[in-house]
1. Over chain A, one equal point on each Cα, no solvent: what is log10 I(q)/I(0) by the Debye formula at q = 0.11, 0.23 Å⁻¹?
2. Take each of the peptides A:9-15, A:72-78, A:49-55, B:98-104, average the number of other beta-carbon atoms within 10 Å over its residues, and list them starting from the highest.
3. Let's test the formula: R0 of 25 Å, r as the Cβ-Cβ distance of residue A:2 and residue B:68. What FRET efficiency results, to the nearest 0.05?
4. Given a Förster radius of 25 Å and the C-beta distance between residue B:60 and residue B:7 as r, what FRET efficiency does 1/(1 + (r/R0)^6) yield to the nearest 0.05?
5. For a quick check, take a GNM of chain A with Cα springs below 10 Å and name the residue from A:48, A:37, A:68 with the largest mean-square fluctuation.
6. Taking the Cβ-Cβ separation of residue A:9 and residue B:79 as r and a Förster radius of 22 Å, what is the calculated FRET efficiency to the nearest 0.05?
7. Taking each residue of A:50-63 in turn, how many C-beta atoms of other protein chains fall within 10 Å of its C-beta, and what is the average?
8. Using 7 Å Cα-to-Cβ label points, what is the residue B:108/residue A:30 separation (nm, one decimal)?
C-alpha cells in the first residue's frame with residue numbers, strides 16, 4: 001500500500017517568492033496535517049484538515065495557508081518567503097481525526 | 001501551556017547496552033502520547049500510541065510505558081540499526097487537533 005506521498009522532495013526558492021507543497025494521504029485517510037521541522041527540533045504543527053474543513057491551526061503567520069481537495073489530497077501554500085521558512089515540511093494523514101498520524105518523507109525547502 | 005521535554009538530547013550506546021529515553025509532559029487533558037522514530041532527512045515513522053497511565057506497548061527491542069507525567073521508551077539490547085532520533089508527541093485537550101512534539105533524543109548505537 002502506498003504511504004503518504006509529498007511533492008516535490010526538494011525545493012529552492014528566493015526570498016519573497018511563493019511556494020506550493022503537495023500531499024497525497026494514505027488511501028482511506030480523511031485527515032491531513034502539516035508540520036514544519038527546523039533542523040535539530042521536533043515538528044511544529046501548522047494546519048489540520050478533516051473532510052476538507054480546517055480543524056486546527058498552529059501559531060504561524062497568515063503567509064501560510066492550506067486547503068484540502070475532494071480526493072483528500074492537500075496543498076500548503078507559503079507566500080512572501082523568508083529565510084527562516086527554510087525547513088523540512090511534513091504532511092501526515094490519519095483515518096479519522098489527527099491521530100495516530102502517518103508521515104510522508106517531507107519536502108525540504110531552502111530559501112535563499 | 002502544553003510542554004513536552006525529552007531527555008537526554010543525545011545518547012550513545014554500545015551494541016547490546018540497554019537504556020531508556022524519557023519524555024516528560026505537561027498538558028491539560030491528555031488524549032494520547034505518541035512515539036516516532038526519524039532517520040536523517042526522512043519523515044517520522046510511527047512506533048506507538050499510549051492513551052492512559054499504566055499502559056505499555058512493545059515492538060521488537062522497544063517498549064513504551066506511560067505514567068501521568070512521563071513516558072519512557074526502553075531499548076533492550078540495541079543494534080546499530082536502531083540509531084535514529086526518537087520523537088515523543090502528545091495530543092491534548094478536547095478541541096485541539098495538533099500533536100505537540102518534543103525536540104527528540106538522538107540515539108547512536110555503536111557496533
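1. -0.30, -1.31
2. Values: A:9-15: 12.0, A:72-78: 20.0, A:49-55: 15.6, B:98-104: 23.3.
Result, highest mean Cβ count within 10 Å first: B:98-104, A:72-78, A:49-55, A:9-15.
3. For residue A:2 and residue B:68, the calculated efficiency is 0.05.
4. 0.60
5. A:37
6. On the way: r = 28 Å, r/R0 = 1.29.
For R0 = 22 Å, the calculated efficiency reads 0.20.
7. Values: counts 1, 0, 0, 0, 1, 4, 5, 2, 2, 0, 0, 0, 0, 0.
So the per-residue partner count for this stretch is 1.
8. So the label points at residue B:108 and residue A:30 sit 4.7 nm apart.
The numbers here are math on the coordinates, done by the rules we state, and not lab data. In this text, all values refer to a predicted model and were calculated from it rather than measured experimentally. Cβ sites come from the backbone with ideal geometry, for glycine too, and all protein chains shown count toward neighbours.
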